[in-house]
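The block underneath contains the structure these notes are about, expressed in structure tokens.
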Amino acid sequence: MSVDVMVDKLTISSAQGVILHELSFSLTAAESLTILGHTGAGKSLLVQALMGNLPASLSHRGQLRVAGIDPLASPRRARQLLWGKQVSMLPQEPWHALNPVMKVREQLYEVWRWVRGLPRAEADSLTAQNMHDLDLTDAAAKIPSQLSGGMAQRAAFAMANAAGGQLMLADEPTKGLDASRRHTVIELLQRQQRRGSLLTITHDIDVARALGGRVMVLNQGRMVEQGTADKLLRSPQHPYTQRLLQAQPQHWPAHGSTRELSSEVLVNAENLTVYRGKSRIFDELSLSIQAGEVVGLAGDSGSGKSTLGDVLLGLLPYQQGRLTLAPTLAVGAKLKLYQDPPASFAAGVPLGKLLQELIHRHRLDAAQLSPLMHRLQLLPHLLQRPAEQVSGGELQRLALLRVMLIRPRFIVADEPTSRLDPITAQMITEQLVSYCRQQQCALLLISHDRQLLDKSCDRVVQLTG
Amino acid sequence: MKHILWRRAWQALLMAWSVATLTFILLRSLPGNDMAYRIAAGRYGDDAVSAAAAQAVSQELQLQQSAWLQYGHWLADLLTLNLGNSLVTGAPVVDELSHQLGYTLVLAAAAILVAVLLAIPLGLWSGFKAGGTVDNGILVGSVLVRAQPVFTLGLLLIFMFALGLGWLPVAGFREPQYVVLPALTLGLSLAAIANRVVRNSTVQVLNSAYYEFAQLKGLSPTRAFWRHGLRNVLVPTLAFMGIQLIGLVEGVIMIESLFAWPGIGHGLSHAVFARDIPMLQGTALVMGLLFVLVNTLVDISCYWLDPRSREP
Amino acid sequence: MMLSRKNPFSTWQCIGLALLLCLLIFAVGEWLLYHASPTAQHLSESFQTPNSAAPLGKDQFGRDMLARLAAALRLSFLLALLSVFSAAILGVSAGICAAWRGGWVDSLLNFIVNTVLALPGLVLVLLFAAIVPGSFAMLYVAISLVLWVEYFRLVRAVSKTVINGAPVQASRLFGFGRWYIVKRHIWPAIRANVLSLAAFGAATSIIMLSSVGFVYVGLKPPTAELGLMIVELFPYYSDAPWLLAQPLIVLALLVLGFQLLAGSRS
């Protein structure tokens, strides 16, 4: 049986204002629709609305139909009949979506046994078959905390689908994942495309491209453009879509031709070997960075990228080899940019105050603050707020500003843009790289995105796990 | 598992050492020959005490030795479980303790039963209706019960059920109904904290991603709760109660004194009052062991209930 | 977020604070304005019901109940204040120290803490009380010893995460010293919990004091102390229930006040 979705002029608003504006679309059997746009509240609310789980603080207008009922107008009991049996949902954080104290097999078996109502033996064999299909046999007797990320993802996929729902909803399925897990998720979604219909909400253009089907682009809660993936992603019409696509690293302009580097070597690592506990993170690694050089460091998560950065900064010990830092790299001359923007600021204190303390500590010139703010397109009123009240993109620019303020000689930037939307990510990466080149500062840029590194760095070092 | 038992054995050892050391300091703090006199009085009766008898006791117990030597003997006696005789009754401490222990165990078990029977249903109920009238009502009740030291709670129950309504005996121990009021008092005071813990972990579970996913998989709300809710509510509750069980042991001391319940806690407070050092050491040791024992039981139940704790 | 910044106290905490302030005003006001001795006996006036001369009546020895209650309150407040203060200072500094230094400092402090924790707090207090009977100082030492452990464990755990976290790493790279890190990172992370522990600790110390008084091994008569007053007045519950009710109510209000102030963080 096919499940149709029909959304007609759906508007969702909170007390602060409209979040989703007059959205209309429909989805029929075996069709696949991807909604593309910035990370933000609007898109995720759509999934909650389709499941009938919209938070009570929000109001909505417009028509909604899933498998013949309006989930927002129906009693809870009627909505629950949709769940699993008609509509399934791929959870965003598979580890959190699985019961932490129950074996994976049990959590799948119960769907066959109790939702499908099959006799024990049949449920048993279908569970085994299911796990075999998704290469989960090894995971059967494990509890979620013992699973790898990819396994947890596949297990959650199996459980979500076992009750037989033909339509799958996936909300930001690749958020915060590294390349190999992203690959797993895309494969799972493609699997779903073969068995039913799929509605995916994502900020990840690669996901939209891999899934094909129809694509809708959303900006600030409004639909700006829609069409087939093929056509829309090749020749976008709306300026916003164009900007979104341009911000993808493969479309970034390549940095200028090879430059003359100063011969001053700031960081020189020879045959470094680092262990954490008993496991070896990396072995006999050599790397040297010159002043003004931008070096990229690529690799999957777990390959030791961040560890290497911390070792070079002197934050972690190394067990063998030799690390020589130029004498100019005193306190405050080697700095780090963090992946998670709030991670580098003390909470609860106005950011301006934190910057003043820094200016005071290093006897800096307070007058350079406002040109830097201007250069990074930051508004002065942000300085009155504490870190937790500033958006991720702005906070990361403030983190960059704080680094620029004290003119370091060596910066390690650990995935500084992976949590940001592509447009902000591009701007921050460009600013960071051009600053380092101008100021003869060495930069080690860590990223899982090889294309981003190829476009921005003088050379790229690839770590293998 | 092995790890749990080792850790608790280590706790028992530390506990025994600190009790022995404190009681030893107490022994040394008694003025001069006072100790010998009091021991002699305990043995031969008040009338028979003479300087000669005190001298004999002093010789026998090596009270003249240097402090370190005495401390060594004191610890050695403890290691061989030689706890000495009560200074008040003259009977061996071990005999007194074995007599009292049964009473204390009955009281503790009854109190835990009362606490579990009250706290789990009330906590689940408030958790499911979080923020509602029932939840707030139970919250106010719990706060008011917790604001009472356990002995005043006991007094209030005595006024109500023993003196006012005359349903239950006031104090002492002759028949089974004597255990009702002490156990109720202790159970209520434990439940006042425990039901909030159950409530909070219920709220946490109900709002968790895995609980939502269980229903999105298609499970009915009832089945989702039995399969995915209950155990996840109980694990943190149990772990937290492990810490709170200190309240059980402290409560036992107060409640036994209030209700003249002839258990270890009663013995302990009497020994402190009479400065009966061997009894003091014995009762404090047993109280400490009881504490270690309940902690061990909690650890073991957590171990069985929570597979995560079994990971290396 | 903004709201909690402007008013850090919830309604319940405000009620608790108000309750404590009333009790404090009563205790101090009596000392300043009402000149009756809490220990002077007038046997001819025993069990006198409340009147204009003695607003709360007189006890079995004809002692003024208003004076006794206020004296007992002052005693409880004093003990709570002293032990909470000492325990907090000791526990917080030891906790930060253990988290920061790690190694043998951490192991040693943990050993001490485990030794204290191996025994239920009340047993420890009783043992101390037995060493010097009737001594306020001994009770203060014993109760502080029981209380500081909580601060230590909490502060150590929180500081450890904070110290290993990115914000502290960033501050260090930027050249800030230890004092700055304690002020900007560690203290803000533990502040709310430490204050809440302090309020709970005050309630605990008051309960402990009255408990040892109640089993007759704490402060000695004729000191006015709540637990002692309850046990002394208990035999007269049927003749003069209003007398026994007074220390019971005051004790409950005092503990309630501190527990409300502590809030729901526990």
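The values are calculated or read from the model by the stated rules, or taken from the named source; none is laboratory data. These numbers were taken from a predicted model, which means no experiment stands behind them. Quick reminder, even Gly has a Cβ in these numbers, built from the backbone with ideal geometry, and neighbours come from all protein chains shown. The protein model used for the area step is the full one, side chains on, heavy atoms only, and it has no ligands, DNA or RNA in it. Shrake-Rupley method; radii C 1.70, N 1.55, O 1.52, S 1.80 Å.
B:Val88 - would you say it is under 24 Å from the mean Cα position of the chain (by Cα) and surrounded by 15 or more Cβ atoms within 10 Å (Cβ to Cβ)?
no
Return the pair list, or none, for Cβ contacts closer than 7 Å from residues in the range A:298-319 that are under 17 Å from C:Ala170 (Cβ atoms) to residues that are surrounded by fewer than 21 Cβ atoms within 10 Å (Cβ to Cβ) and among the charged types (D, E, K, R), at least 6 apart or on different chains.
Pairs found: A:Leu316/A:Asp310.
Could you tell me which numbered condition B:Trp167 fails, if it satisfies all but one of (1) under 22 Å from B:Trp125 (Cα atoms); (2) without any contact (Cβ under 8 Å) to a residue 12 or more places away in the chain; (3) not polar (S, T, N, Q)?
If we test B:Trp167 against (1) under 22 Å from B:Trp125 (Cα atoms); (2) without any contact (Cβ under 8 Å) to a residue 12 or more places away in the chain; (3) not polar (S, T, N, Q), just (1) comes out false.
Of the residues A:Leu98, A:Leu64, which single one is modelled with pLDDT of 85 or more, in contact with a Pro (Cβ under 6 Å, 6 or more places away or on another chain) and not charged (D, E, K, R)?
Unique residue meeting the criteria: A:Leu98.
Suppose we keep only residues that are open to solvent by 10 Å² or more (accessible area, probe 1.4 Å) and touching a residue at least 12 places away in the same chain (Cβ under 8 Å) within the range C:125-134. Which one would you say is farthest from C:Leu82 (Cα to Cα)?
Here the residue is C:Pro133.
Evaluate the following for C:Ser144: is it out of contact with any His (no Cβ under 9 Å at 6 or more places or on another chain), crowded, with 21+ Cβ neighbours inside 10 Å and of a type outside the set (A, V, I, L, M, F, W, C)?
For C:Ser144, the condition - out of contact with any His (no Cβ under 9 Å at 6 or more places or on another chain), crowded, with 21+ Cβ neighbours inside 10 Å and of a type outside the set (A, V, I, L, M, F, W, C) - is met.
Six or more apart or on different chains, Cβ under 6 Å: which pairs go from a residue in the range A:440-465 that's polar (S, T, N, Q) to one that's part of a strand (DSSP E or B)? Could you list them?
Partner pairs satisfying both residue conditions: A:Gln462/A:Ala298.
When residues of the range C:116-147 are filtered for being facing another protein chain (nearest Cβ under 10 Å) and in a loop (DSSP other than H, G, I, E, B), how many remain?
Here the count works out to 5.
Taking A:Thr34 as meeting all but one of (1) assigned to a loop (DSSP other than H, G, I, E, B); (2) among the hydroxyl-bearing types (Ser, Thr, Tyr); (3) touching a strand residue (DSSP E or B) at 6+ places or on another chain (Cβ under 6 Å), write down the number of the exception.
Failing condition for A:Thr34: (1).
Condition check ((1) assigned to a loop (DSSP other than H, G, I, E, B); (2) at pLDDT below 90; (3) of a type in the set (Val, Ile, Thr)) across all residues:
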site: B:Leu83; (1), (2), (3): yes, yes, no
site: B:Gly90; (1), (2), (3): yes, yes, no
site: B:Leu101; (1), (2), (3): no, yes, no
site: B:Thr104; (1), (2), (3): no, yes, yes
site: B:Ala110; (1), (2), (3): no, no, no
site: B:Pro121; (1), (2), (3): no, no, no
site: B:Leu124; (1), (2), (3): no, no, no
site: B:Gly127; (1), (2), (3): no, no, no
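Give me the residue from the range A:187-232 that is in contact (Cβ under 8 Å) with a residue 40 or more places away in the chain and among the β-branched types (Val, Ile, Thr) and, out of that set, surrounded by the most Cβ atoms within 10 Å (Cβ to Cβ).
Selected residue: A:Thr200.
I'm checking my understanding of the structure. Among residues of the range A:366-385 that are in contact with a strand residue (DSSP E or B) (Cβ under 9 Å, 6 or more places away or on another chain) and part of a helix (DSSP H, G or I), which one is surrounded by the fewest Cβ atoms within 10 Å (Cβ to Cβ)?
Taking the candidates together, the pick is A:Gln384.
Return the residues of the range B:202-212 that are more than 17 Å from B:Asn136 (Cβ to Cβ) and either open to solvent by less than 10 Å² (accessible area, probe 1.4 Å) or β-branched (Val, Ile, Thr) (or both); say none if nothing qualifies.
Hit for the range B:202-212 is B:Val205, nothing else.
Going by the conditions given, is A:Leu395 assigned to a helix (DSSP H, G or I), over 14 Å from A:Leu432 (Cβ atoms), of a type outside the set (Val, Ile, Thr) and in contact with a helix residue (DSSP H, G or I) (Cβ under 9 Å, 6 or more places away or on another chain)?
Yes; evaluated as a whole, the condition is true for this residue.
Only one of C:Leu119, C:Leu139, C:Leu109, C:Leu81 is in contact (Cβ under 8 Å) with a residue 60 or more places away in the chain and either buried (at least 17 other Cβ atoms within 10 Å of the Cβ) or in contact with a Cys (Cβ under 6 Å, 6 or more places away or on another chain) (or both). Can you tell me which?
C:Leu139
Filter the range A:388-415 for residues that are open to solvent by less than 10 Å² (accessible area, probe 1.4 Å) and either touching a Ser or Thr at 6+ places or on another chain (Cβ under 8 Å) or at pLDDT below 85 (or both) and give the result.
Correct list: A:Gln396, A:Ala399.
Does A:Ser148 meet the test of being within 25 Å of the chain's Cα centre (by Cα), of a type outside the set (Lys, Arg) and away from chain B (no Cβ under 11 Å)?
yes
Being more than 14 Å from chain C (Cβ to nearest Cβ) and in a helix (DSSP H, G or I) is the filter; apply it to the range A:292-343 and report the residue that is nearest to A:His362 (Cα to Cα).
A:Leu308
Working carefully through the options C:Arg172, C:Arg156, C:Arg178, C:Arg101, find the one that is within 28 Å of the chain's Cα centre (by Cα), of a type outside the set (A, V, I, L, M, F, W, C) and either more than 7 Å from every other protein chain (Cβ to nearest Cβ) or closer than 21 Å to C:Ile89 by Cβ (or both).
Every option except C:Arg156 fails the conditions.
Pick out, from the range B:204-312, the helices (runs of 4 or more DSSP H) lying fully within it that include 1 or more residues that are touching a residue at least 40 places away in the same chain (Cβ under 8 Å) and within 13 Å of chain A (Cβ to nearest Cβ).
Counting at least 1 such residues, we get B:230-258, B:277-305.
Looking at (1) farther than 26 Å from C:Val168 by Cα; (2) open to solvent by 60 Å² or more (accessible area, probe 1.4 Å), find the lone condition where A:Gly292 falls short.
(2)
Going by the conditions given, is A:Trp95 open to solvent by 60 Å² or more (accessible area, probe 1.4 Å), within 14 Å of chain B (Cβ to nearest Cβ) and over 27 Å from the mean Cα position of the chain (by Cα)?
No, not satisfied.
Which of the residues spanning the range A:324-339 are within 34 Å of the chain's Cα centre (by Cα) and surrounded by 15 or more Cβ atoms within 10 Å (Cβ to Cβ)?
Those that are within 34 Å of the chain's Cα centre (by Cα) and surrounded by 15 or more Cβ atoms within 10 Å (Cβ to Cβ): A:Leu325, A:Leu329, A:Gly332, A:Ala333, A:Lys334, A:Leu335, A:Lys336, A:Leu337, A:Tyr338, A:Gln339.
Pairs, please: C-beta under 7 Å, at least 6 apart or cross-chain, first residue within 12 Å of chain B (Cβ to nearest Cβ) and more than 21 Å from B:Gly164 (Cα to Cα) and in the range C:217-245, second surrounded by fewer than 22 Cβ atoms within 10 Å (Cβ to Cβ) and modelled with pLDDT of 85 or more?
Pairs that qualify, where the first residue is within 12 Å of chain B (Cβ to nearest Cβ) and more than 21 Å from B:Gly164 (Cα to Cα) and the partner is surrounded by fewer than 22 Cβ atoms within 10 Å (Cβ to Cβ) and modelled with pLDDT of 85 or more, are C:Leu226/C:Val250.
Cβ contacts < 6 Å: first residue among the basic types (Lys, Arg), restricted to the range A:408-434; second residue in a loop (DSSP other than H, G, I, E, B) and at pLDDT below 85, any location; separation 6+ or different chain. Result?
Listed by first residue and then by second, the contacts come to A:Arg409/A:Thr328; A:Arg409/A:Leu329.
What about C:Ala245, is it at pLDDT below 90 and over 15 Å from the mean Cα position of the chain (by Cα)?
When the stated conditions are applied, C:Ala245 passes them.
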